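The values are calculated or read from the model by the stated rules, or taken from the named source; none is laboratory data. All values reported here derive from a predicted model rather than from experimental measurement. Methodologically, a virtual Cβ is constructed for each residue, glycine included, from the backbone with ideal geometry; neighbour enumeration extends over all protein chains shown.
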2 protein chains.
Amino acid sequence: MTTISKRCSEMQASPIRKLVPYANAAKARGTGVYHLNIGQPDIPTPPGYWSALKDSLPDVLAYGPSQGLLVLREAIATYYSRAGISIDTDEIIITTGGSEAVFFAFMATCDHGDEVICFEPFYTNYNGFASMAGIKLVPVTCTCENGFHLPEKAEIELKITERTRAILICSPNNPTGAVLSAEELGTLSEIISKHDLYLLSDEVYRDFVFDGGSHVSTLELPGIEDRVIVMDSISKRFSSCGARLGNMISRNKDIMSAALKLGQARLCPPTLAQYGAAWIYHHLRDDYYADIMATYQSRRDLLIEEFSGMEGIFFLKPEGAFYATMRLPVKDAERFASWMLTDFEFEGETTMVAPAAGFYATPGLGLDQIRIAYVLSEDKMRKALKILKEGLKVYRD
Amino acid sequence: MTTISKRCSEMQASPIRKLVPYANAAKARGTGVYHLNIGQPDIPTPPGYWSALKDSLPDVLAYGPSQGLLVLREAIATYYSRAGISIDTDEIIITTGGSEAVFFAFMATCDHGDEVICFEPFYTNYNGFASMAGIKLVPVTCTCENGFHLPEKAEIELKITERTRAILICSPNNPTGAVLSAEELGTLSEIISKHDLYLLSDEVYRDFVFDGGSHVSTLELPGIEDRVIVMDSISKRFSSCGARLGNMISRNKDIMSAALKLGQARLCPPTLAQYGAAWIYHHLRDDYYADIMATYQSRRDLLIEEFSGMEGIFFLKPEGAFYATMRLPVKDAERFASWMLTDFEFEGETTMVAPAAGFYATPGLGLDQIRIAYVLSEDKMRKALKILKEGLKVYRD
């Protein structure tokens, strides 16, 4: 019998979702499961999203433009202009989730076999899109001790080959919560220019920067305007993961026309959701963003409070997004995470986390680390973390 | 300055959409444009879709399962069981449009550089997904004189190489309206088994078979159950193109687990629309499908009535879907189609069609052909076709 493709059989299963069957089995046994494994915010989708949707129901749910509805692209341009960043509607293509923006960015910049440098640990789904696009992700390792900030410039440049086409960053970072400094972005700009590369920038969490810091977009970096591709999404910002709407932004016209060809092949992003998204981009203002940011910051603080001083646990304070990657006093964090679902409960409940090894490309790294998404209310977070600590007390490698 | 990828710069622009700027310019001049260029049905989306949507608004628009909501997969299984086809919910993955089903099918069966045999003219967007997946579409030519049915078995087998992984069919066909007979499907089954291939079957138009005929699904073919992958969509059946929901069906467990890995990378298809889709799959019955089919059949009949006996126009009666590919008395149908938008109007209106050359992979074929999508009401169809005939009278190559 004919086999499936090699590229699919070699594709990594999602480390965020691979333990789901164990979680389902736990629930079937009657054990409650706190999900700290997936970046699914609990914050309500803004009600205006739903009213805008209901006000836009057409007779015929027709295809929209391949680049996305103008009303949404205008709303996004307005959102950026409020942040002092000038973007034209032609420099935006609406994508089916931030996911598609990543895939389009890989496809537009790379041919089969080309390389993209990224910083591990990194958002594991980049691997899937790299497989689909037939490109190689070349990891530069960031360390827990360094708060997952970038290593020295020379260490990055060491990975550049004649097949390198781009450097991929994510700031604020999933899975670490690190926020790149202006200095780090400056170093990256120099490398990008010097080696004739693209800078692919995942800025999905740009509104979640803590402790009074603010986000510097790669769209603001001078001298590399034509080399920057931003990938964004409404999923986290507006708690609308299921809408499947994101966008790709670039001032490079060739990149945008390549993205449009890719966009035409899949016809269009979901039509109706775009009206809801346009509404929230237009109408939500500073107070909304400040509230959300404060909510995540206090959850981050709770995480630090609960885990500070715990023997064998190590992580530096996350600066943004809603993730932390931490070292645990275990040899194999995947085994521990599975065990929490299959063999442990505390007062009838358990906690699910994502083993971090899947966020590394270098084999053997991150085996003792997990990623936590702090996307639950403080009450639930407190319980989930308590359970995790109890589990750590009992667990033996 | 660094360039874009070769694969994107070589990608074909959509022949269905490439003349859109001319159409927009015509509209800006005040000229009405009848769109026979795109398969965008004018039939209202079933109202139950909207009420199901409104009844399902959650507080948090969350990610759904990567394989799609169970309620929708159950509804699709029920739809098939009514047609006498038994499909398990695990044999269905919900995709973001039929588009993604095509891409997943290519990715799951083929590695980079592998070949898929298809029959030209074919749905032009297959080219886009082939570019994305890095595979080669190898065309077998079907002719207008033969009603775009399959050529002899030997002619198909001649194209099989050691890189061939699958044969791709679409029946009822976009862009020709041909419906493969049970005999043709039998021949394909033999080839598939003999040469150890997959059969990728686009059955988006399965409910639109005219003149009392009925559709034979490749899911019903004996002996190749493990080799069949069906790609489907709600876009045309339920006039819901903008929902971006389709599905991929296979009884091959390895194929389904490959599709699920691809699905996990992009997280999930649009959540909310799946409730609407589940409703219509569950609730619409024979009378709905019979009505829709009759509507398209009478438009098909109108097309034949209007064009029969026109000198230089040739096409056989389309048997299904809502397309016809026809030869015109022009040398370059793309030039004619552009001219209709830029230089012609009749009583303040003009008609837009899709040049057919883009539906062929073999250079030089189909230059004198167009594709018409009969997706307008009879009144509008009559006017649109009248304008097309008037244009043909005036146009000189």
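Values for this structure:
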read-out: Qualifying residues in the stretch A:23-34 (those that are on the phi < 0 side of the Ramachandran plot and surrounded by fewer than 19 Cβ atoms within 10 Å (Cβ to Cβ)) - the one nearest to the other protein chains (Cβ to nearest Cβ); value: A:N24
read-out: Failed item, numbered, when A:G128 is tested on (1) surrounded by fewer than 20 Cβ atoms within 10 Å (Cβ to Cβ); (2) on the phi < 0 side of the Ramachandran plot; (3) within 9 Å of another protein chain (Cβ to nearest Cβ); value: (1)
read-out: When residues of the stretch A:258-291 are limited to those that are more than 18 Å from B:L245 (Cβ to Cβ) and in contact with a Cys (Cβ under 9 Å, 6 or more places away or on another chain), the one surrounded by the fewest Cβ atoms within 10 Å (Cβ to Cβ); value: A:K261
read-out: The stretch A:10-22, subset more than 7 Å from chain B (Cβ to nearest Cβ) and not β-branched (V, I, T), residue farthest from B:G263 (Cα to Cα); value: A:Y22
read-out: Residues (out of contact with any Gly (no Cβ under 7 Å at 6 or more places or on another chain) and crowded, with 16+ Cβ neighbours inside 10 Å) located in the stretch B:362-379; value: B:L365, B:G366, B:L367, B:D368, B:Q369, B:I370, B:R371, B:I372, B:Y374, B:L376
read-out: Among (1) more than 12 Å from chain B (Cβ to nearest Cβ); (2) among the charged types (D, E, K, R); (3) surrounded by fewer than 24 Cβ atoms within 10 Å (Cβ to Cβ); (4) farther than 24 Å from B:F129 by Cα, the one test that A:D59 misses; value: (1)
read-out: Matching residues, the stretch B:35-56, being facing another protein chain (nearest Cβ under 8 Å) and without any contact (Cβ under 8 Å) to a residue 40 or more places away in the chain; value: B:K54
read-out: Of all residues making up the stretch B:128-179, the number that are touching a helix residue (DSSP H, G or I) at 6+ places or on another chain (Cβ under 6 Å) and assigned to a strand (DSSP E or B); value: 4
read-out: Residue that is surrounded by the most Cβ atoms within 10 Å (Cβ to Cβ), among those in the stretch B:207-230 that are within 14 Å of chain A (Cβ to nearest Cβ) and either more than 15 Å from B:E190 (Cα to Cα) or out of contact with any strand residue (DSSP E or B) (no Cβ under 6 Å at 6 or more places or on another chain) (or both); value: B:I229
read-out: Residues (crowded, with 21+ Cβ neighbours inside 10 Å, of a type in the set (V, I, T) and either not in a loop (DSSP other than H, G, I, E, B) or not assigned by TED's automatic domain parsing to the domain that holds B:G358 (or both)) located in the stretch B:5-22; value: none
read-out: Selection count, the stretch A:249-267, where residues are facing chain B (nearest Cβ under 7 Å) and part of a loop (DSSP other than H, G, I, E, B); value: 2
read-out: Enumeration of residues in the stretch A:231-248 that are more than 9 Å from chain B (Cβ to nearest Cβ), more than 12 Å from A:Y281 (Cβ to Cβ) and among the hydrophobic types (A, V, I, L, M, F, W, C); value: A:M231, A:M248
read-out: Helices (runs of 4 or more DSSP H) wholly inside the stretch A:46-114 containing at least 1 residues that are modelled with pLDDT of 95 or more, in the same structural domain as A:L267 (by TED's automatic domain parsing) and aliphatic (A, V, I, L, M); value: A:70-82, A:97-109
read-out: Hits in the stretch B:339-357 (condition: closer than 12 Å to B:L392 by Cα and either outside the structural domain of B:D379 (by TED's automatic domain parsing) or among the small types (G, A, S) (or both)); value: none
read-out: Every residue from the stretch A:170-190 that is more than 15 Å from the chain's Cα centre (by Cα) and either buried (at least 18 other Cβ atoms within 10 Å of the Cβ) or within 22 Å of A:E100 (Cα to Cα) (or both); value: A:L185, A:L188, A:S189
